[in-house]
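The values are calculated or read from the model by the stated rules, or taken from the named source; none is laboratory data. Quantities reported herein were computed from a predicted structural model and do not represent experimental measurements. Note that we place each Cβ from the backbone using ideal geometry, even for glycine, and neighbour counts take in every protein chain shown. Calculation scope for accessible area: heavy atoms of the full protein, side chains included, ligands and nucleic acids excluded. Shrake-Rupley method; radii C 1.70, N 1.55, O 1.52, S 1.80 Å.
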Number of protein chains: 2
Amino acid sequence: MTPENDYILVVDDERAIRDMVCMALSQEQFQCAEASDAHKAETMIKQNPPQLILLDWMMPGVSGIDFARKLRRLPETNSIPIIMLTAKTEEDNVIRGLESGADDYLTKPFSPRELIARIKALLRRSTPNTTQDIIKINNLILDTSSYRVEGNGQTIDLGPTEFKLLRFFMENPDRVFSREQVLNNVWGDNVYVEERTVDVHIRRLRKALEKTQHQDLVQTVRGAGYRLSNK
Amino acid sequence: MTPENDYILVVDDERAIRDMVCMALSQEQFQCAEASDAHKAETMIKQNPPQLILLDWMMPGVSGIDFARKLRRLPETNSIPIIMLTAKTEEDNVIRGLESGADDYLTKPFSPRELIARIKALLRRSTPNTTQDIIKINNLILDTSSYRVEGNGQTIDLGPTEFKLLRFFMENPDRVFSREQVLNNVWGDNVYVEERTVDVHIRRLRKALEKTQHQDLVQTVRGAGYRLSNK
DNA sequence: TTTGTATGTCATAAATATGTCACATAACTC
DNA sequence: GAGTTATGTGACATATTTATGACATACAAA
């Protein structure tokens with residue numbers, strides 16, 4: 001499993017624990033990914049850094065402690081929150097865990113609810129820096145948190161409707177939507193406007209995109225609707 | 001006791017606990033201040049915000065939970081890490097504590113070493129955000145401790161609300177906030193004022209900023225809200 | 001109390017966005 | 001190519017959103 005964006009990485013050699021945790025996470029709308037050892041975890045983190053790591057203390061090969069230390073040393077992983085999971089309850093271990101760079105420490109068996117609560121507490125603190133919802137397609141960058149669109153380095157000015165329209169298409173690239181579907185998704189249901197109104201807004205969007213050499217991005221599919229090309 | 005700068009505030013009605021904790025803290029070079037109830041704590045926090053708060057769950061008058069919630073609601077105290085101390089060990093309480101805004105939760109009796117380790121783990125993470133008394137964006141310098149704003153060398157005079165507003169935007173540059181979000185973050189929740197009031201204060205802020213050649217810093221994003229441009 | 005500053009709200013002006021129409025173009029059918 | 005249909009495009013009246021000045025009230029300092 002390789003989630004697209006924000007997700008929590010569970011690193012533990014015990015399959016049962018991983019399953020239990022992932023189940024609990026998914027019920028709270030968290031994306032979840034698993035790794036059975038430190039090596040696999042490292043690869044996954046490199047490819048797509050998670051928002052938080054749940055790390056088992058004991059693992060074959062590299063121990064959780066060493067792995068945490070390593071993550072803390074690298075600037076690109078340094079700021080990812082780590083919660084350590086372990087059967088070891090002795091005080092010394094807790095302290096060693098925390099000192100190795102973990103942000104929190106939970107002893108097995110732990111309650112899923114407490115785990116979730118601790119995850120949320122950690123994310124609450126660390127998200128503000130990370131929260132950037134950016135979608136990239138074909139040199140086009142749309143940032144939903146700053147309401148900015150950039151193409152080939154230049155800023156593109158869009159009206160509210162055009163922004164929503166582009167966002168919708170960028171969230172579903174390469175898919176054709178009928179005018180009715182566009183209306184329902186961008187304008188919302190229960191709003192009545194002429195279907196041809198979509199054409200006009202597509203026009204306005206295209207015009208704005210032309211200014212930064214994005215010629216054929218929004219394509220017409222005759223008889224079917226429109227599509228944002230990803231090719 | 002009123003430490004000058006960075007310090008950790010211990011809020012607990014039990015003197016013995018306070019003494020024990022402060023002893024442990026001072027051995028680790030942490031400054032320490034004590035408060036025996038929420039009311040006193042509030043006054044101290046207002047005068048000189050601590051770097052971290054150790055908060056007892058049970059206190060006469062306002063409970064630790066309610067106090068934590070309150071701190072989380074106010075923007076100026078929102079980022080101070082809280083560790084909750086308690087005799088209550090039941091899972092539900094842990095969760096309630098964490099959900100009320102605490103960052104960590106320790107049950108009495110706890111080992112001073114574990115407490116220290118958890119404090120360090122929290123500070124390690126939160127210091128970068130909190131310690132920055134001075135925020136700089138685009139030739140604008142805002143000093144949260146002296147309530148001064150300077151732009152291109154000149155001092156800018158702002159009213160309290162405008163200052164908080166600017167501070168909020170400077171802490172979250174390049175992000176668009178709706179009027180409602182601005183109200184919640186700058187005025188605080190549970191305060192009812194018209195959304196349009198934000199417009200007026202934005203106007204006053206802009207006017208003040210104009211005097212030092214900061215023309216287009218606070219931008220309107222039609223249909224969405226306002227943004228402090230970082231570009 | 002007086003004086004001065006700060007704050008929230010309103011009314012109105014100004015700016016911008018929106019939906020629709022009419023007509024131009026392009027695409028498809030036969 | 002003529003006829004037919006779907007889409008592109010500019011213009012425009014209207015609606016919506018934001019800017020701004022004024023004002024009454026609250027609050028604090030003198």
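Testing B:S178 on (1) crowded, with 16+ Cβ neighbours inside 10 Å; (2) within 16 Å of DNA strand C (Cβ to nearest atom); (3) within 14 Å of another protein chain (Cβ to nearest Cβ); (4) not β-branched (V, I, T), one condition comes back false. Which one is that?
In the conditions (1) crowded, with 16+ Cβ neighbours inside 10 Å; (2) within 16 Å of DNA strand C (Cβ to nearest atom); (3) within 14 Å of another protein chain (Cβ to nearest Cβ); (4) not β-branched (V, I, T), B:S178 misses (1) alone.
Can you say whether A:R148 is away from DNA strand D (no atom under 14 Å from the Cβ), within 24 Å of B:R222 (Cα to Cα), open to solvent by 70 Å² or more (accessible area, probe 1.4 Å) and in contact with a strand residue (DSSP E or B) (Cβ under 9 Å, 6 or more places away or on another chain), as far as the supplied structure shows?
Answer is no for this residue.
(1) in contact (Cβ under 8 Å) with a residue 40 or more places away in the chain; (2) under 16 Å from the mean Cα position of the chain (by Cα): which one isn't true of A:I45, the others all being true?
Here A:I45 clears every test but (1).
Residue check, B:T107 against (1) touching a strand residue (DSSP E or B) at 6+ places or on another chain (Cβ under 9 Å); (2) open to solvent by 40 Å² or more (accessible area, probe 1.4 Å); (3) modelled with pLDDT of 80 or more; (4) over 30 Å from A:P112 (Cα atoms), all met but one. Which one?
B:T107 satisfies all of (1) touching a strand residue (DSSP E or B) at 6+ places or on another chain (Cβ under 9 Å); (2) open to solvent by 40 Å² or more (accessible area, probe 1.4 Å); (3) modelled with pLDDT of 80 or more; (4) over 30 Å from A:P112 (Cα atoms) except (4).
If B:G225 satisfies every condition in (1) within 13 Å of DNA strand C (Cβ to nearest atom); (2) open to solvent by less than 40 Å² (accessible area, probe 1.4 Å) but one, which is the exception?
Among (1) within 13 Å of DNA strand C (Cβ to nearest atom); (2) open to solvent by less than 40 Å² (accessible area, probe 1.4 Å), B:G225 violates only (1).
Residue-wise test of (1) away from DNA strand C (no atom under 11 Å from the Cβ); (2) within 14 Å of chain B (Cβ to nearest Cβ); (3) over 21 Å from B:A224 (Cβ atoms); (4) at pLDDT 95 or above.
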site	(1), (2), (3), (4)
A:D157	no, yes, no, no
A:M170	yes, no, no, no
A:N185	yes, no, no, no
A:D189	yes, no, yes, no
A:V193	no, no, no, no
A:Q213	yes, no, yes, no
A:V221	no, no, yes, no
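Would you confirm, using the coordinates I've provided, whether A:D157 is in contact with a Pro (Cβ under 8 Å, 6 or more places away or on another chain) and either surrounded by fewer than 15 Cβ atoms within 10 Å (Cβ to Cβ) or assigned by TED's automatic domain parsing to the domain that holds A:A87 (or both)?
For A:D157, the condition - in contact with a Pro (Cβ under 8 Å, 6 or more places away or on another chain) and either surrounded by fewer than 15 Cβ atoms within 10 Å (Cβ to Cβ) or assigned by TED's automatic domain parsing to the domain that holds A:A87 (or both) - is not met.
Near DNA strand C (Cβ under 9 Å from one of its atoms), modelled with pLDDT under 90 and open to solvent by less than 60 Å² (accessible area, probe 1.4 Å) - does that describe any residue in segment B:199-206?
no
Only one residue in A:L52, A:L25, A:L74 is touching a residue at least 60 places away in the same chain (Cβ under 8 Å) and under 18 Å from B:R124 (Cβ atoms), so which one is that?
A:L52
Do we find that B:K46 is away from chain A (no Cβ under 11 Å), surrounded by fewer than 24 Cβ atoms within 10 Å (Cβ to Cβ), modelled with pLDDT of 75 or more and in contact with a Ser or Thr (Cβ under 9 Å, 6 or more places away or on another chain) in this structure?
So B:K46 fails the test.
Filter the strands (runs of 3 or more DSSP E) completely within segment A:1-85 down to those with at least 3 residues that are hydrophobic (A, V, I, L, M, F, W, C) and under 16 Å from A:D103 (Cα atoms).
A:8-11, A:52-56
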